[in-house]
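Step one of this worksheet: look at the structure below.
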Amino acid sequence: MRYMIAVLLMFTFSQGISKEMGTDQAFSYIRSGMYNEALELLKQELIKSPNDWNTHYLTGFALRGIGNYDVAIIHYKRAIDIQPSNAQAYLALGIALQLNENYTVAISSFKKAIDIHPNLIEAYNSIGLTYAKLENHRDALGWYAKGRDKLLDMVSAEVHKDPDKCYKDEIIDGENTRTLLPYIFIKTEELLMSNILYSTLTNNMGVSLMDLGAYDEAKSNFEESTKYIPVDYIYADPKNNLEILTELYGTK
C-alpha cells in the first residue's frame, strides 16, 4: 500500500478512548480485532447507558471493524451529539465517512476536528488521504505538508523548553555569538521517532509528489520517511515506494 492508512486508524482509535469499567473489555476486544465480541458487550452497555459518549464511540469502532460503516457513522454522530467539542469523535467520524466513500463530508469532519484541536496531526493526514482518493494530488500534498509542518512546530516547541540545553551564548572575536548545542538535533530526532506520524506524513508526501511527476522530490521524501521509522516498528511503505519509483521512472 502506497499510503499509510491502517496503522493510523488503530493509533487514532487508541488515542481517543476513555476506558471505563463497563467498556474496558470491549476496548480489549477491539484492539484484538474481535469486533463481534465487542459489539455483544457494547449492545448491553448501550441498554444500560444510552447516552454514554464512550460507548457510542467504541461501538462506532467495532462496527467500522466489520465494515458496517453506515451504522458506525450513526454512533459516531451520536457521540458528537453528547460531546460536541470532542475532536477525536470528529476524526473517527471522518474516517468512517471516508471509508464509506463520502469524501466531501469526510473532509468537513476532519476540518472540524482541526478547528477544535489544531494539533491533531492525524486529521491533517486524513484530509490528505481523502484528497488522494479523489485524485486531487496537489491538495493532498498540501495537507500532508501542513500536518508535517505542524508536527515539526510541536516538536520544536518541546525541544526548546530548556534553552540552556539548546544554546550556548558566548563572545567570539568580540562579538556575541549563539552556538547550537547537539541536544537540539538529538532531541528532535528522538521526538520525531517516538511514533509513526512523521514518517507517515513524509511517505504520503512522497506518493503525492510521485503522482505529480516530481520524482526527485518524491525520492527525497521516501528516503526521509525510511530514516524516521521508529525503532522496532514495521513500516515497509517508504522502502516499497522507493523501489516502485526506481522501477517505473529510473530514479536512483
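Remarks
- Principal-axis tilt of helix 215-227 within the chain, Cα atoms, nearest 10 degrees: 80 degrees
- On Cα atoms only, tilt of 197-211 relative to the major axis of the chain in degrees: 80 degrees
- Here the relative contact order of the chain, from alpha carbon pairs under 8 Å that lie six or more residues apart, stands at 14 percent.
- Exposure proxy ranking for ILE74, ILE196, ILE30, ILE66, based on other Cβ atoms within 10 angstrom of each Cβ and starting from the fewest, stands as ILE66, ILE74, ILE196, ILE30.
- Set of lysines near LYS219 by C-alpha distance (under 30 Å), chain-local residues within fewer than 8 positions excluded: LYS111, LYS133, LYS146, LYS150, LYS187, LYS227, LYS239, LYS252
- Karplus 3J(HN,Hα) series, Hz, for segment 61-72 with 6.51 cos²θ - 1.76 cosθ + 1.60 (x for Gly, Pro): 5, 5, 5, 5, x, 9, x, 8, 5, 4, 6, 4
- In terms of other Cβ atoms within 10 Å, GLU190, GLU217 run from fewest to most in the order GLU190, GLU217.
- Look at the alpha carbon pairs under 8 Å that are at least 6 residues apart: their mean separation over the length of segment 72-129 gives a relative contact order of 30 percent.
- Helix-only mean residue ellipticity at 222 nm for the chain, each DSSP H run of n ≥ 4 adding -39500 (n - 2.57), per residue, nearest 500: -22500 deg cm²/dmol
- The fewest-to-most ranking of TRP53, TRP143 by surrounding Cβ atoms within 10 Å reads TRP53, TRP143.
- Tilt relative to the chain, helix 182-192 - C-alpha long axis, 0 to 90 degrees, to 10: 20 degrees
- Ordering TYR76, ASN136, CYS166 by Cα displacement along the dipole of the chain toward the positive end leaves TYR76 in first place; charges were set at the Cβ atoms of Lys, Arg (+1) and Asp, Glu (-1).
- For TYR167, distant residues with modelled amide H under 5 Å away: LEU181
- Across segment 230-243, rounded Karplus estimates of 3J(HN,Hα) from the backbone phi angles (6.51 cos²θ - 1.76 cosθ + 1.60, θ = phi - 60°) give x, 4, 6, 9, 8, 8, 8, 3, x, 5, 5, 5, 5, 5 Hz, Gly and Pro being marked x.
All of the numbers you see were taken from the coordinates with simple rules; none came from a lab. As the structure is a prediction and not an experimental result, all values here were calculated from the model. Glycine gets a Cβ as well: all are built from the backbone with ideal geometry, and neighbour counts include every protein chain shown.
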